Amino acid sequence: MQEYGHFINGKSVKGKSGRQSDVFLPMDGSVQAKVDLATKAEIDEVVKIAAAAQPAWAAVNPQRRSRVLRKFLTLVEEEMKPLSELLAKEHGKTVSDAAGDIQRGLEVVELSLGVPHLTKGEFTEGAGPGIDTYSIRQPLGVVAGITPFNFPAMIPLWMAGPAIACGNAFILKPSERDPGVPLRLAELFIEAGGPAGIFNVVNGDKDAVNAILDNPDIKAVSFVGSTPIARYIYERAAANGKRVQALGGAKNHMLIMPDADLDQVVDALIGAGYGSAGERCMAISVAVPIGEDTANRLMEKLIPRVKALKVGNSLDPSADYGPVVTREAQQRILNYVDIGVKEGAKLVVDGRNFKLPGYENGFYVGPCLFDNVTNEMQIYKEEIFGPVLGVIRAKNYEEALALPTTHLFGNGVTIFTRDGDAARDFVSRVEVGMVGVNVPIPTPVAYYTFGGWKASIFGDLNQHGPDAFRFFTRTKTVTSRWPSGIRSGAEFSMPTMK
Ligand code: NAD
């Protein structure tokens, strides 16, 4: 059986804790690998290694750092096929979806190639008599990333690209569910000519995470995962004086105005609701048709499409989506569907008894669709993170707008309409961080920032875009005078510009 250790100081190493976790093959439910879980001592050791390697990397000029990442990008692209297959096998998503996961991560690495430009400082000549003021952006030192199971390439690359480009040493603690691709990414960084100790991967569970949060030499923690853990990471790391960005869970709505093109809407709902078995933080999990007539017309088109979805094994190119990540996740999702039925929502497509022939032990959940969901229900308030779409029928636009605006989460939202006024009003008033107009999943491109509002984020800088380069550097502002002939004498009052 495959055994995964860690990748530290440019080498694969075995863990020392003796504790391991199972890595499943979700498509048939078997265990395909074991992953070592690091101890506090192992984390403290890797931090020392990273701290020793970082100053030399920071001293490499940014254009040369960028070239190492360019080579890294090329190597990952060359391995796209085997990496996508590995990712699909460990996560459960289809191979084409896995390739998208890697590609979205590479787009942030591509952005990071611009680090010489993105981290340029500012300069003001003559801010006072003989005085020049300038700012420079310097790396933080050792920084850490803690990532979720659902994007095992994209999210590690969102963090590794900017963190390393800025001159930091990076320690990744990926999800213990699917560590294969993150480990291979760190190896490829070395093959690209990256120095040892700059991209380290340490596998582990909450012990490793706590050691990261408490180590005083880790200066910043970037986290993506569920809201309770995001809040915990934010509070503990901040209490230890670290810079933190912690992105959490989601419940993303799609508003459907009476004038929307319902064929487009249904295509969008099918892909955004059920793609990747709904295990995306930007999945649409609530559809809000406005007016009874819109709702009836929508359901007429949507129900047959949901019933026709093809659930298949992760390597089946004709599958729309594959299994979910673990038996535990499968049971949690099925439990939510039972709760929805008990709460009185109308289960118009019931995927609870789905079994894939030949893969009866796989972690599959057939597509589920609820009609007549209300905002009082648990299936509406909580994140299900599975192939379960709920429909709330809203009487009018204001009632529909209030749903995402007052929801606990505020990650993504979208509206389908032909009415520019309505769309503009929606963009302006909705209290959600990432907003779409006639697009299924409003995930921003790499050069804009990614992040929600409310309980979908803790901390104030988002992932990727300009925020990433702010997060992974700190600003130093210099006021400098070369005083040939300037003598103002001792000054005791506060210097001002008056
Ligand atoms: P998770 O919170 O269970 O795990 C995320 C990371 O935290 C993992 O590395 C895990 O090992 C670690 N962890 C788990 N429990 C811990 C504990 N008690 N103490 C310390 N560390 C712990 O999330 P997940 O199930 O891997 O991922 C799915 C979640 O991530 C969903 O809620 C999803 O919405 C969210 N997500 C959010 C975004 C976003 O951008 N907002 C993106 C992707 C995923």
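The values are calculated or read from the model by the stated rules, or taken from the named source; none is laboratory data. Not measured: the values here are computed from a predicted model. For neighbour counting, all protein chains shown are included, and Cβ atoms are generated from backbone atoms with ideal geometry for every residue, glycine included.
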Next item on the list: Report whether or not VAL413 is modelled with pLDDT of 95 or more, of a type in the set (A, V, I, L, M, F, W, C), touching a Phe, Trp or Tyr at 6+ places or on another chain (Cβ under 9 Å) and surrounded by fewer than 21 Cβ atoms within 10 Å (Cβ to Cβ).
Entry: no
Check: Yes or no: LEU185 in the same structural domain as ILE102 (by TED's automatic domain parsing), in contact (Cβ under 8 Å) with a residue 24 or more places away in the chain, within 11 Å of the ligand (Cβ to nearest atom) and touching a strand residue (DSSP E or B) at 6+ places or on another chain (Cβ under 8 Å)?
Finding: no
Notebook entry, point to check: Can you find a residue in segment 385-397 that is more than 18 Å from ARG305 (Cα to Cα) and within 16 Å of the ligand (Cβ to nearest atom)?
Noted result: yes
Notebook entry, point to check: Could we say that GLY489 is at pLDDT 95 or above and either small (Gly, Ala, Ser) or assigned to a loop (DSSP other than H, G, I, E, B) (or both) here?
Noted result: no
Notebook entry, point to check: Which pairs do you get when a residue that is under 19 Å from TYR364 (Cβ atoms), found in segment 271-283, comes within reach of a residue that is crowded, with 24+ Cβ neighbours inside 10 Å and basic (Lys, Arg), reach meaning Cβ atoms under 8 angstrom, with the pair 6+ apart or on two chains?
Noted result: SER276/LYS93; ALA277/LYS93; GLU279/LYS93
Checklist line | Residue among LEU213, LEU262 that alone is at pLDDT 95 or above and not assigned by TED's automatic domain parsing to the domain that holds LYS48 | finding: LEU262
Margin query: Here are the criteria: (1) within 16 Å of the ligand (Cβ to nearest atom); (2) buried (at least 24 other Cβ atoms within 10 Å of the Cβ); (3) within 23 Å of CYS281 (Cα to Cα). Tell me which single one GLU176 does not satisfy.
Written below: (2)
Next item on the list: Kindly indicate whether any position in segment 447-465 is part of a helix (DSSP H, G or I) and in the same structural domain as ARG104 (by TED's automatic domain parsing).
Entry: yes
Item checked: In segment 158-170, the residues that are out of contact with any helix residue (DSSP H, G or I) (no Cβ under 6 Å at 6 or more places or on another chain) and within 16 Å of the ligand (Cβ to nearest atom) -> MET159, ALA160
Checklist line | In segment 187-226, the residues that are in a helix (DSSP H, G or I) and of a type in the set (Lys, Arg) | finding: LYS206
Next item on the list: Evaluate segment 458-480: report whether one residue or more is surrounded by fewer than 18 Cβ atoms within 10 Å (Cβ to Cβ), over 16 Å from the mean Cα position of the chain (by Cα) and without any contact (Cβ under 8 Å) to a residue 60 or more places away in the chain.
Entry: no
Notebook entry, point to check: Are any residues in segment 444-453 under 23 Å from PRO228 (Cα atoms) and surrounded by fewer than 18 Cβ atoms within 10 Å (Cβ to Cβ), and if so, which ones?
Noted result: TRP453
Next item on the list: Pick out, from segment 227-315, the helices (runs of 4 or more DSSP H) lying fully within it that include 1 or more residues that are more than 16 Å from the ligand (Cβ to nearest atom).
Entry: 262-274, 292-307
